[in-house]
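The values are calculated or read from the model by the stated rules, or taken from the named source; none is laboratory data. In this text the structure is predicted, and so the values were computed from the model without any measurement. Positions of Cβ are generated from backbone atoms using ideal geometry, with glycine treated the same way; all protein chains shown enter the neighbour counts. To get the accessible areas, we keep the full protein, side chains included, count just its heavy atoms, and leave off ligands, DNA and RNA. Shrake-Rupley method; radii C 1.70, N 1.55, O 1.52, S 1.80 Å.
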Amino acid sequence: MTEEEMELDDEELLEAGDEPAGDGQLYEHFRIEVDRGQIPVRIDKFLSEHQQHSSRNRIQKAAEAGFIHVNGTPVKSNYKVRAGDVITLMLDRPHYDTTIEPEDIPLDVVYEDDDLMVINKPAGMVVHPGCGNFNGTLVNAIAWHLKDLQSYDPNDPEVGLVHRIDKDTSGLLVVAKTPDAKTSLGKQFFNKTTHRSYNALVWGNFVEDEGRIEGNIGRDPKDRLRMDVFPPDSETGKPAVTHYKVLERYGYTTLVECILETGRTHQIRAHMKHIGHPLFSDERYGGCEIRRGERTASYKAYIQNCFKLCPRQVLHAKTLGFVHPTTGEQMDFTSEWPEDMTALIDKWRRYIKVKE
């Protein structure tokens, strides 16, 4: 790829299935010049393989809407890419400047040294600028925290966050201060040698004490803001495996520990919904409905009070472990539940105690 290449993010393509609006003008959002020696291949396959954060399904929808251009002309998803082609994404809105500026936002720094930081992210904070969230993010806060470190450039992809969690998920994240640290940590995540566990409150009671969920994760064709689960042998989505273990049972809900074998967008939320146990209070995946329990007015009032107590998916990145990129030492971190989650779990503990 040329130096002009920009990352095509699925978030930019969320609106790319709609007809162009406004004054009819299209704006360039990214550009790729195909390398010499490239054999002919479908453009949707080419882009999905070369762009880490974009799905083939979303690229196809963008092409159908006339937003994928080759050499200045719109093409369909079956167009065969050839050496020297210039591929552009043309959308009906200007490309937002996503330059990361430092912002004085408080950070809960669990650990820090010359190579890395471990941060406990609060629920409600967006990790990285994207559609509708161009400031006030975690990376803006990190940029402020490290503003006096001359070697750290928040806009350099070779440093910074190594992984992400959802806006309304709380918990641990690791930040690389140097390119060498990010390379080392990135390899550990890729090779699945890191140790990460999440705590989640889900609807329903499990028959078994532990289990494994396997199913590809991809965009829900009926809801572009939600992920769905597809058969493991399907060409739709990306392979994903979640392991879970029951920690506590409250009759109509269950506290579980989830360990990710892969790290797909909304993986725990989509997988749990897929097996009939959506996360409690997860509006996007049906967790804000009363999925289990009694029909009494008092029970309905109790659940509504629970929703008010923790008005977001009850999911917390509890533990994080990795090998230090410089010392080779095993680093393990644990974070406490945030106040809203603690209050909600205590409420369910009291509820089941009374029921017994």
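Given the residues Val241, Val202, which is the only one that is over 17 Å from Arg164 (Cβ atoms), within 18 Å of the chain's Cα centre (by Cα) and open to solvent by less than 20 Å² (accessible area, probe 1.4 Å)? Steps first, answer last, please.
Details: Val202 fails: within 18 Å of the chain's Cα centre (by Cα).
Exactly one of Val241, Val202 is over 17 Å from Arg164 (Cβ atoms), within 18 Å of the chain's Cα centre (by Cα) and open to solvent by less than 20 Å² (accessible area, probe 1.4 Å), namely Val241.
Please indicate, with yes or no, whether at least one residue in the range 296-304 is among the charged types (D, E, K, R) and not in a helix (DSSP H, G or I). Give the derivation first.
Taking the range 296-304 first, the residues among the charged types (D, E, K, R) are 300.
Now restrict to residues that are not in a helix (DSSP H, G or I): none.
No, the range 296-304 has no match at all.
If only one of Arg264, Arg269, Arg291 is within 29 Å of Met117 (Cα to Cα), open to solvent by 80 Å² or more (accessible area, probe 1.4 Å) and not small (Gly, Ala, Ser), which one is it? Give the steps one after another, and end with the answer.
Working: Arg269 fails: open to solvent by 80 Å² or more (accessible area, probe 1.4 Å); Arg291 fails: within 29 Å of Met117 (Cα to Cα).
Of the residues listed, the single one that is within 29 Å of Met117 (Cα to Cα), open to solvent by 80 Å² or more (accessible area, probe 1.4 Å) and not small (Gly, Ala, Ser) is Arg264.
Using beta carbons and a limit of 8 Å, which pairs, at least six apart or on different chains, have the first residue in the range 318-342 and over 16 Å from Phe280 (Cβ atoms) and charged (D, E, K, R) and the second one in a helix (DSSP H, G or I) and open to solvent by 40 Å² or more (accessible area, probe 1.4 Å)?
From residues that are over 16 Å from Phe280 (Cβ atoms) and charged (D, E, K, R), the pairs are Glu336/Thr342.
In this structure, does Ile119 turn out to be part of a loop (DSSP other than H, G, I, E, B), modelled with pLDDT of 95 or more and closer than 26 Å to Leu225 by Cβ?
On the way: part of a loop (DSSP other than H, G, I, E, B): no; modelled with pLDDT of 95 or more: yes; closer than 26 Å to Leu225 by Cβ: yes.
Taking the combined requirement at face value, the residue does not satisfy it.
Within the range 181-190, identify whether any single residue is surrounded by fewer than 21 Cβ atoms within 10 Å (Cβ to Cβ) and in contact with a helix residue (DSSP H, G or I) (Cβ under 8 Å, 6 or more places away or on another chain), and answer yes or no.
no
Val75 is checked against (1) within 28 Å of the chain's Cα centre (by Cα); (2) modelled with pLDDT of 50 or more; (3) open to solvent by less than 40 Å² (accessible area, probe 1.4 Å) and fails just one. What number does that condition carry?
(1)
Looking at (1) modelled with pLDDT under 70; (2) in contact with a Lys or Arg (Cβ under 8 Å, 6 or more places away or on another chain); (3) open to solvent by 60 Å² or more (accessible area, probe 1.4 Å); (4) not charged (D, E, K, R), which is the only condition Pro40 fails?
Checking Pro40 against (1) modelled with pLDDT under 70; (2) in contact with a Lys or Arg (Cβ under 8 Å, 6 or more places away or on another chain); (3) open to solvent by 60 Å² or more (accessible area, probe 1.4 Å); (4) not charged (D, E, K, R), the one that fails is (1).
Which of the numbered conditions does Asp223 fail, given that it passes all the others? Conditions: (1) at pLDDT 90 or above; (2) open to solvent by 30 Å² or more (accessible area, probe 1.4 Å).
(1)
Find the residue count for the range 176-202, including only residues that are more than 30 Å from Leu344 (Cα to Cα) and not in a loop (DSSP other than H, G, I, E, B).
Start the filter on the range 176-202 by keeping residues that are more than 30 Å from Leu344 (Cα to Cα), which leaves 176-193.
Imposing the further condition that a residue be not in a loop (DSSP other than H, G, I, E, B) reduces the set to 176, 179-190.
Residues in the range 176-202 being more than 30 Å from Leu344 (Cα to Cα) and not in a loop (DSSP other than H, G, I, E, B): 13 in total.
Yes or no: the range 235-254 includes at least one residue that is within 16 Å of Leu344 (Cβ to Cβ), assigned to a strand (DSSP E or B) and in contact with a Lys or Arg (Cβ under 6 Å, 6 or more places away or on another chain).
Going residue by residue through the range 235-254, those that are within 16 Å of Leu344 (Cβ to Cβ) are 247-254.
Narrowing further to those that are assigned to a strand (DSSP E or B): 247-249, 253-254.
Those still in the list that are in contact with a Lys or Arg (Cβ under 6 Å, 6 or more places away or on another chain) too: none.
Checked the range 235-254: no residue is within 16 Å of Leu344 (Cβ to Cβ), assigned to a strand (DSSP E or B) and in contact with a Lys or Arg (Cβ under 6 Å, 6 or more places away or on another chain).
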